[in-house]
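Since every read-out is calculated from the coordinates, none of them should be taken as a lab result. What you see is a predicted model; the values in this text were computed from it and never measured. All Cβ positions, glycine included, derive from the backbone under ideal geometry; neighbour counts span all protein chains shown.
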Amino acid sequence: MTVYVGLGSNLPSATHGEPRAVLEASIRLMREAGLDVLACSSWWRTAPVPVTLDQPWYTNRVVALRTALPPPDLMVLLLDIEARLGRTRDQRWQARVVDLDMIDYDGRIDPGPVAILPHPRMAERGFVLRPLAELAPDWRHPASGTAIAELIAALPAEQVVERID
């Protein structure tokens, strides 16, 4: 089964440096934890969402994984990796060292409570959809059945998402 995880960072880490290095470290920690990283999207530079936030732009990427872990256990692992890299959770939508979001787990629909699938706001986020489209151009939203190209076309113009490699 294939799992897609969104990665984001807009603050440097005291131990790993700039956001891109933090995200590279998160992928390394996923591998060390036994996750099979199948593919990585390009790197993307994105404006904060909501656009009213006054904070640095993000570095983003989506990775495709294979794992035998059930969604709640995978979510706990991702949260542990975030904590190891210095993530704190003080307020909603704050700038962050790292953010690892389970976007889709083999098309499952699950209301939670530990892992809500698919990610509840992923269809509104260019920083998820554009890199995901690189890895899975035929992907459809598990709940709505909407094609990824349609979701991207419906994104608000103020969501700036730039491919950086």
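Measure off 7 Å from each Cα along the Cα-to-Cβ vector at Asp73 and Leu155, then give the distance between these two points in nanometres to one decimal.
For the pair Asp73/Leu155, the computed spacing is 3.4 nm.
How charged is the neighbourhood of Val76? Take every other residue with its Cβ under 13 Å from the Cβ of Val76, and add Lys/Arg as +1 and Asp/Glu as -1.
The answer is -2.
Output the peptides 124-132, 7-15, 75-83 sorted from most to least packed, where packing is the average of other Cβ atoms within 10 Å over each peptide's residues.
124-132, 7-15, 75-83
Report D for the stretch 19-165 in µm² per second (integer): Stokes-Einstein, Kirkwood Rh on Cα pairs, 4 °C, 1.567 mPa s.
The Stokes-Einstein estimate is 82 µm²/s.
What number, rounded to the nearest 500 deg cm²/dmol, is the helix-based mean residue ellipticity at 222 nm of the chain, given -39500 (n - 2.57) per DSSP H run of at least four residues and division by all its residues?
Result for the chain: -8000 deg cm²/dmol, rounded to the nearest 500.
Based on DSSP H assignment, which helices of the chain show an axial Cα extent of at least 15 Å together with a mean Kyte-Doolittle hydropathy greater than or equal to -1.0?
Counting only whole DSSP H runs, the qualifying helices are 19-32, 71-84.
Below 15 angstrom from the Cβ of Gly112, what's the summed charge of the other residues (Lys, Arg +1; Asp, Glu -1)?
-2
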